[in-house]
Amino acid sequence: MAAAADDDAKLESFLQWFQANGADLRGCTIRACGGGKGFGVFATAAPEPGTTHGVVLVVPLDLAITPMRVLQDPLIGPRCRALFEEGGVDDRLLVMLFLMAERRRPGSLWKPYLDMLPSTFGSSLWFSEEELAELEGTTLYRATVIQRKSLQSSFDEKVKGLVEELLHVDESVSSTEVVFEDFLWANSIFWTRALNIPLPHSYVFPGSCGDQQRSHDDDDVCESSLPAQQETDITVKDSSSSADENSKSSNTESIWVEGLVPGIDFCNHNVKASATWEVDSVGNVSGVPASMYLMLADKSSVEAGAEIYINYGNKGNEELLYLYGFVVDNNPDDYLMVHYPVEALRQIQCADIKMKLLEIQKGELRCLLPRSLLDNGFFGSRSNEDKDNMKNTSHFSSYSWSGQRKVPSYLHKIAFPQEFMSTLRTIAMQEHELEQVASLLGEVGSNEDSEPSDAEIQSAVWEVCGDQGALGLLVDLLRVKMTGLEEGSGTEASDTELLEQFDSMHSEDYAGGSDKNSERKSNINTRSCIVYRRGQKQLTRLFLKEAEYILELSAKEQT
């Protein structure tokens with residue numbers, strides 16, 4: 001009861017702060033979701049007068065926490081700018097440093113918002129050792145271990161000292177001891193809530209560097225203080241892909257900047273999203289210039305009191321659990337990551353030559369296999385008519401089949417990307433095959449001073465090797481993958497049985513019948529692990545079935 005009262009007080013304080021700073025709740029409200037699931041955005045009984053085009057929430061961009069906001073902060077902005085120009089921090093770390101400093105600062109202007117944010121998360125980075133052990137054998141397990149070490153190293157070498165230094169700027173801060181959990185919290189807040197925002201050009205480049213007012217008419221533009229965005233590691237997709245699911249910028253001259261937008265960031269995920277967010281640079285839709293608004297896809301389909309969802313993008317359970325701390329049962333966007341280890345590549349026959357050929361081909365040693373690829377396979381759900389229609393549009397448009405070797409009968413049904421197959425063909429070549437490839441490339445007529453093109457190499461390798469070696473290697477990789485997945489947690493069938501037992505035993509906890517929040521959280525984490533790893537085993541089994549069958553067909557066609 002005390003926790004519920006505390007949440008109510010935080011929510012009331014936030015809503016007062018939110019609206020006092022220009023936010024407009026037109027057809028929605030923000031409240032607790034129940035069951036320990038945090039806060040969400042819910043439709044109100046009736047949209048307030050003036051609600052148009054399904055707009056239910058408007059937030060001024062001045063409330064967004066972006067790298068520009070950090071650099072403009074009167075207290076820590078000057079020091080952050082110096083660090084930024086020295087190359088000591090990037091744009092994402094700027095936002096994290098700001099969150100950590102403001103969370104520690106007494107009387108922070110951002111306190112009502114920061115108090116609403118979760119203090120712990122269900123993502124794998126926050127797992128206990130016992131929970132993490134449930135992921136052994138999966139790609140996510142290795143990714144989590146590596147990322148934990150990387151974050152700890154960054155904190156020890158850079159972040160801890162910087163935050164304590166920034167806090168010393170404010171004389172009201174008596175204690176500046178910063179711990180690793182502070183950084184882990186800020187990192188999780190950023191990756192679970194930050195949006196890739198298409199900000200108006202005039203908003204990012206104001207008329208003068210020292211002028212806080214947004215000018216749309218001044219042609220004098222300051223040089224950008226923001227670096228190019230960097231790619232994330234592991235199998236996390238580009239952040240702009242998730243933004244595209246929910247956003248349409250009404251300003252064609254936009255600059256994409258990552259940041260937090262209070263209010264909008266309380267929208268939870270659903271594959272069947274009921275709303276999208278958009279940026280309104282001049283106020284044509286929302287009536288508020290330089291704002292972000294939440295718009296219902298169909299006003300009539302959202303009932304009063306229903307939660308308003310957005311779609312975080314087409315993300316598999318691996319990415320959802322790594323970033324957000326939840327999974328989707330039978331996720332249609334699940335994918336499997338298959339890779340050939342670099343260490344193994346260095347030890348194979350003629351490694352240096354093959355690595356050079358892969359470099360020219362821009363060959364990737366790892367490949368994401370989305371579940372959707374199975375639809376086009378021999379055991380997939382796509383109709384034969386659809387598969388026939390793909391014959392002339394699948395690989396022929398980008399791959400040159402020539403010479404004596406016939407086009408395989410299974411080409412239009414293969415469920416594996418040709419780019420990865422080309423990589424595997426190159427790796428699987430025997431020494432005598434490599435000599436034949438070199439001979440074919442010599443007949444192409446390329447200049448002695450120039451290297452053969454990637455298309456020429458792919459064509460030559462195909463002519464000499466076909467698919468036998470590549471498919472055999474692919475089957476081996478998938479079998480090793482399955483062995484690793486089953487070694488620590490059993491078979492797919494055992495996971496299914498365990499999940500059924502788990503859901504039966506813990507149904508009351510999920511319904512909110514248990515007051516032991518930490519125990520409930522642990523139960524949810526364990527269940528998420530089971531759902532994720534079972535999905536990985538299922539995908540491995542299905543892709544292995546496809547690979548083994550195509551290998552059998554390839555062997556028959558080469559005899």
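The values are calculated or read from the model by the stated rules, or taken from the named source; none is laboratory data. As the structure is a prediction and not an experimental result, all values here were calculated from the model. Counting neighbours? That spans all protein chains shown, and the Cβs are built from the backbone with ideal geometry, glycine included. Ligands, DNA and RNA are stripped out before the accessible areas are found, and what is left, the full protein with its side chains, is counted by its heavy atoms. Shrake-Rupley method; radii C 1.70, N 1.55, O 1.52, S 1.80 Å.
As a rough guide to protection, the peptides 55-65, 492-502, 478-488, 181-191 ranked by mean Cβ packing within 10 Å, highest first, stand as 55-65, 181-191, 478-488, 492-502.
Computed with a 1.4 Å probe on the full set of protein chains, the accessible area for Lys413 sits at about 50 Å². In the full protein context, region 147-203 carries 42 Å² of accessible surface per residue, based on a 1.4 Å probe and ignoring ligands, DNA and RNA.
Multiplying the residue separation of Thr496 and Val145 by 0.36 nm and subtracting their alpha-carbon distance yields 123.8 nm.
Distances between placed amide hydrogens fall under 5 Å for Met337 paired with Leu369, all partners being 5 or more residues away or on another chain.
Past the 28 angstrom mark, what percentage of all C-alpha to C-alpha distances in region 1-144 do you count? I get 40 percent for the Cα pairs in region 1-144 exceeding 28 Å.
Computed with a 1.4 Å probe on the full set of protein chains, the accessible area for Ser439 sits at about 70 Å². Checking the cross-link pairs Lys413/Lys556; Lys481/Lys545; Lys272/Lys537; Lys406/Lys556; Lys315/Lys481; Lys149/Lys521 against a 18 Å limit on the alpha carbon distance flags Lys272/Lys537; Lys315/Lys481; Lys149/Lys521 as lying beyond it. Residues whose amide H comes within less than 5 Å of that of Val41, counting only those at least five positions distant or on another chain, are Asn268, Ile308 (H built at 1.01 Å from N in the peptide plane). In the assembled protein chains, Glu85 presents an accessible area of approximately 130 Å² (probe radius 1.4 Å). Between Glu443 and Ala32, the modelled labels are 7.6 nm apart [label points 7 Å from Cα along Cα→Cβ].
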